[in-house]
Amino acid sequence: MSPAQLALVSVLQFAENLTDRQAAQAVACRIDWKYCLGLELDAPGFDHSVLCEFRDRMAEDDRADRLLAVMVDRLVAAGLVKSRGRQRTDSTHVLAAVRTLSRLELVGETLRAALEELAATAPDWLAGVVTADWVKRYGRPVRYDRLPRGADAQRDYALTVGTDGMTVLQALARPDTPQRLRRGKQVDVLRRVWIQQYWYDSASQLRWRGPKQTKDRNSRRGMPRRSASAPAADGNPDPASARVPWSGLEIVSLHDPEARFSHKPGKARWIGYKDHQTETCDEDMPRVIVHVLTTPAPEQDIAALDRVHTALATQHLLPAEHLVDTGYVTPQAIHHAATVHSVTIVGPVREDPRADEHPGFSKDAFTIDWQARTVTCPQGVTSPPWKPTIADQNPGLSVLFRRSDCRDCAVRKQCTGNVDGKGRHLLLLPQPLQEIQSRARVEQKTPEWKERYAMRAGCEATVSETVHAHGLRHCRYHGLAKTHVQHVLTAAGTNIIRLSQQSATDRNPRPPSPFYRFSQTLLTELAA
Ligand code: SF4
């Protein structure tokens, strides 16, 4: 079949949430699919594996995105999508098609998969590397219920597996080893997992890395601390550099090395990716998904916003107004979108996270004099000139009131939140960003702004539709590129379903309900 027909089959497949076999069967058996594809009634169809190969090709470069772009271009030409209108974006978590593994299972299974790969490609070479006891350790899947019990036994097991893995890697590095063995997919994963899970100390002793560092919620500076629930590594003191890396880098499954662990506080913990969907939301126009972005799970929403705008600019589809939730909004993002893309971001700016520490004396209660570089507090005291600083890797302005001014202040405790007599400290953003933040915090409390922002909520329905009707929540494939293909095809399928329902509704508008007709009659009579 032609690539165009296979692309259409793929879109229809995700529109109906079918497997490859079901889609191939639909091409062979269903008259509506044959009609849509322009096939003869007796066309025999194709083997379902063709779809898998076709998706592999779609995952190269930006072919999947171009497919959605072609659809959107046609809708623009038909007047169903307009540039410089309103759009809204939301993200949702996507579960990778992998099993959650403990660290011991991960290293055991990674080595076992590498041995399987080497046994298939170079059995003679492998015979000179392994010993008889390896068969017992790696002859069957490494599962948690088969692992040794107790912290000491598990530590010994981890080091045994680590030593075996290093034996394989060192044998692969020998000059007489064929190059092709080093290029194996599972061998590459073995190499990367071993770097992340083991290290050599100064005495050249192989060591099991300690658990990753987590941020101390009670520390204002976010200083890392050791996780209280994490087991000890190998009983030896381990420097911070000898811990497993943070979630953005850590490989958690050998089957999908690009999948990452992430969590939304109080909502979800998952291994996989994130899908950002952008759809139009203009009045009296259909809701069309115009852009899809797939990112690693730990990547923050705010990091995706500029990529979305850049992609929409390439398609000449930038909105005039973009509705997003708090995760996408910072003063920097509002400023950047306005100056670079001429897009107005409509979304709530975070309230001052330390407002509780200073009840009634938040940053917005202070008057800023940008010329004099000073701040005046609600009690009328003016600070010394501020100093430039760096906060969260961004430039800022540090304002520190004099201790002598604050010490005798009647409201010092409410304002400073401390009892040791220190002066009040404020952290300001550079002028344009600070003005955006202050203005937005006032504006977002008004009924007019809330009414304008209410349109964003429809994005939740789109996420729900793609998740429940088209199976978006669960990855069908491994790897970010193929997961992105799934997301794009899902978006294209969703658009087709929506537009077909829209045209049906336009042709046969739903009649008003009996009560609506009754109320209209009643209102007419009352008016008379
Ligand atoms: S504590 Fe200092 S900064 Fe706060 S209101 Fe009193 S004088 Fe002003």
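The values are calculated or read from the model by the stated rules, or taken from the named source; none is laboratory data. This one's a predicted model, so the numbers in the text were calculated from it and none came from an experiment. All Cβ positions, even for glycine, are placed from backbone atoms using ideal geometry, and neighbour counts span all protein chains on display. Quick note on the areas: whole protein, heavy atoms, side chains included, nothing else; ligands and nucleic acids left out. Shrake-Rupley method; radii C 1.70, N 1.55, O 1.52, S 1.80 Å.
Points worth noting:
- Estimated from helical segments only, the mean residue ellipticity of the chain at 222 nm is -14000 deg cm²/dmol, where each DSSP H run of four or more residues counts as -39500 (n - 2.57).
- Selection from Pro245, Pro211, Gln186 lying farthest towards where the dipole of the chain points positive, charges on Cβ: Pro211
- Computed over the chain, relative contact order equals 19 percent, with contacts defined as Cα pairs under 8 Å that lie 6+ residues apart.
- Selected from Tyr273, Phe361, Val485, residue furthest toward positive end of dipole (the chain; charges at beta carbon): Phe361
- If only the Cβ of Lys and Arg carry +1 and only the Cβ of Asp and Glu carry -1, the dipole of segment 1-158 around its Cα centre is close to 680 debye.
- When segment 32-152 is reduced to its Cα atoms, the Kirkwood hydrodynamic radius in Å: 21.0 Å
- Whole-Å distance, taken between Cα centres, linking segment 1-61 and segment 101-178: 41 Å
- Per-residue packing, averaged as other Cβ atoms within 10 Å, sorts the ranges 512-519, 368-375 into the order 368-375, 512-519, beginning with the highest.
- Per-selection Rg to Rh, the chain - Cα, Kirkwood hydrodynamic radius: 1.05
- Highest mean first, the peptides 81-92, 483-494 sorted by other C-beta atoms within 10 Å per residue fall in the order 483-494, 81-92.
- Computed over Cα pairs, the Kirkwood radius of segment 288-330 leads via Stokes-Einstein (1.306 mPa s, 10 °C) to a diffusion coefficient of 141 µm² per second.
- Å² per residue, accessible surface of the chain at 1.4 Å: 54 Å²
- Debye intensity ratio in log₁₀ form over the Cα atoms of segment 442-498, taken at each q of 0.12, 0.31 Å⁻¹: -0.43, -1.21
- Under a model in which nothing but the beta-carbon of Lys, Arg (+1) and Asp, Glu (-1) is charged, the chain shows a dipole of about 1540 debye around its Cα centre.
- For the set Lys387/Lys422; Lys34/Lys274; Lys363/Lys387; Lys387/Lys445, the pairs lying more than 25 angstrom apart at their alpha carbons are Lys34/Lys274; Lys387/Lys445.
- Cα gyration tensor, segment 64-122 - rounded (a/c under 1.5), prolate or oblate: oblate
- Ranking Trp370, Ala337, Gly347 by how far each Cα lies toward the positive end of the dipole of segment 311-427 (charges on Cβ) leaves Trp370 at the top.
- Net charge dipole size for segment 83-150 [Lys, Arg +1 and Asp, Glu -1 on Cβ; Debye, nearest 20]: 520 debye
- Approximate shape of segment 354-432 as ellipsoid semi-axes (Cα gyration tensor, √5λ), whole Å, largest first: 20, 14, 12
- Ratio of Rg to Rh for segment 305-361: 1.13 [Cα atoms; Kirkwood radius as inverse mean 1/r over pairs].
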